[in-house]
1. Would the range 156-165 turn up any residue that is touching a Leu at 6+ places or on another chain (Cβ under 7 Å) and surrounded by fewer than 14 Cβ atoms within 10 Å (Cβ to Cβ)?
2. How about the range 68-107: which of its residues are in contact with a helix residue (DSSP H, G or I) (Cβ under 7 Å, 6 or more places away or on another chain) and surrounded by fewer than 17 Cβ atoms within 10 Å (Cβ to Cβ)?
3. Which pairs do you get when a residue that is under 20 Å from Ile162 (Cβ atoms), found in the range 214-228, comes within reach of a residue that is β-branched (Val, Ile, Thr) and part of a helix (DSSP H, G or I), reach meaning Cβ atoms under 7 angstrom, with the pair 6+ apart or on two chains?
4. Could you please let me know if Leu89 is outside any strand (DSSP E or B) and free of Cβ contacts under 8 Å to residues at least 60 places away in the same chain?
5. Among the residues that make up the range 191-200, is at least one of them closer than 30 Å to Gly127 by Cα, among the β-branched types (Val, Ile, Thr) and in contact (Cβ under 8 Å) with a residue 40 or more places away in the chain?
6. Which of the residues spanning the range 119-139 are in a strand (DSSP E or B) and touching a residue at least 40 places away in the same chain (Cβ under 8 Å)?
7. Report yes if Gly179 is at pLDDT 80 or above and farther than 24 Å from Ile47 by Cβ, otherwise no.
8. Scan the range 188-196 and give yes if some residue there is hydrophobic (A, V, I, L, M, F, W, C) and either within 20 Å of the chain's Cα centre (by Cα) or more than 27 Å from Leu89 (Cβ to Cβ) (or both), otherwise no.
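The values are calculated or read from the model by the stated rules, or taken from the named source; none is laboratory data. These numbers come from a predicted model, not from an experiment. Here the Cβ is made from the backbone with ideal geometry for all residues, glycine too, and neighbour counts use every protein chain on show.
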Amino acid sequence: MWIKKGLIFAIFAAAALATSVENEDSVENNVPDVGTYGMEDLVTQIIEGLRNQLKQGIPEKNIPPLDPLDMKHQVIDIKFKELTFGGLLSNVTGNNLLSFKVSKLKASPMPISFQIRLDWEPIDVKGLYDIDGNLLGIIPIYGNGTFGGVFNGVFGYLRLDIGTKAGQLRVKKFDVDFGLKNINVNITNFLGGTLGDVICEMINENLPTMIEQFKIGYLESIKDIIMNVVNDFIKDKSMEELLDMLLGMFTTTTTPAPTTTARSWIADF
């Protein structure tokens, strides 16, 4: 649940700073390198403020400190179509979950536009697991032991276009992309050992492709859901109110104050 809240939290931050970029067939390829414009300074500071808060954790949102992640135990209960299993994860650690860097950024105030790409350093997660369940109601899924994974080339891309309709802020366009280059997963004693090793090898070889297939089948529906959530959140707010709220949420005493250009933009909006 805290992961879902955190993702929506981050999207709200982007929503305050977004509207149309015209005549671009491939949105990601047309994003320029990070510049030094006031709007981009403001976006960068909000992102850094979010990173700082996630490092410390946000207890009121049930979000623990994420980098490094140190989770003593987490009950799991998965029910997804024909797959059902539950159990416990313990002594889970994760590094570089917040190692993302802004590699591409475009933002402008008139019209308000926002496009960003984040790239992560290799993410390393490991811990202990104990699970039991089944697939299709007949194939047992079980195991207990150690697990670990290194995720390389993780990236995320976001574009938001916000305009007005009937006097309300509305998302005009929303685009998102994500993926990874490769993964190295190792799960000991899964399905008794030998079969589990084969499955780990299959995951390592095929997960990037599986993610792409997942995006083909489900990404548009996910984008529609997120657009509805964001629209519901912003519909009764002015841009000034939204910016004030987000700046209060995502800037901290450890984050540099907005530049003169950024402050002027807020005052003039």
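1. no
2. Once the filter is applied, which keeps residues that are in contact with a helix residue (DSSP H, G or I) (Cβ under 7 Å, 6 or more places away or on another chain) and surrounded by fewer than 17 Cβ atoms within 10 Å (Cβ to Cβ), the range 68-107 yields only Val102.
3. Short answer, once both residue conditions are applied: Ile226/Ile11.
4. No; evaluated as a whole, the condition is false for this residue.
5. The answer is no, given that none of the residues of the range 191-200 is closer than 30 Å to Gly127 by Cα, among the β-branched types (Val, Ile, Thr) and in contact (Cβ under 8 Å) with a residue 40 or more places away in the chain.
6. Within the range 119-139, Val125, Gly127, Tyr129, Asp130, Ile131, Asp132, Gly133, Asn134, Leu135 meet the criteria.
7. In short, no.
8. Within the range 188-196 (the criterion being hydrophobic (A, V, I, L, M, F, W, C) and either within 20 Å of the chain's Cα centre (by Cα) or more than 27 Å from Leu89 (Cβ to Cβ) (or both)), the answer is no, since none of the residues qualifies.
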